[in-house]
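K.L.:
Provided herewith is a single structure, encoded as structure tokens, for subsequent inquiry.
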Amino acid sequence: MAMKDLDTAIPEWVDAYWQQAFPHMPLNKQTRENLIACGTFLISTYAGACAEGEADAAS
């Protein structure tokens, strides 16, 4: 999945998760932005670690 796809997928996931987990509490803008940034960071870090692992396995 390209990073551009994640720019759309992560906010959609955050919105869906919040509605499911906290149906009676609205998601404020700052919390939403923080959750999106955290998700993007975690996925980017994981993707980088996977790429490094594949490079190590190839050598």
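We did not get these values from a lab; they are worked out from the coordinates using the rules stated. This one's a predicted model, so the numbers in the text were calculated from it and none came from an experiment. Neighbour counts run over all protein chains shown; Cβ positions are idealised from the backbone, glycine included.
K.L.:
Whole-Hz ³J(HN,Hα) for each residue in the stretch 11-24, computed from phi via Karplus 6.51 cos²θ - 1.76 cosθ + 1.60 with θ = phi - 60°, x for glycine and proline: what do you get?
P.N.:
Per-residue couplings from phi come out as x, 5, 5, 4, 4, 5, 4, 4, 5, 6, 7, 10, x, 9 Hz.
K.L.:
How much length, in nm to one decimal, is gained on full extension between Ala51 and Ala21, taken as 0.36 nm per residue of separation minus their Cα-Cα distance?
P.N.:
7.5 nm
K.L.:
Follow-up question, since we're still on this one. Between Thr8 and Glu33, what is the label-point separation in nm under the 7 Å Cα-to-beta-carbon projection?
P.N.:
Each label point lies 7 Å from its Cα, and together they span 2.4 nm.
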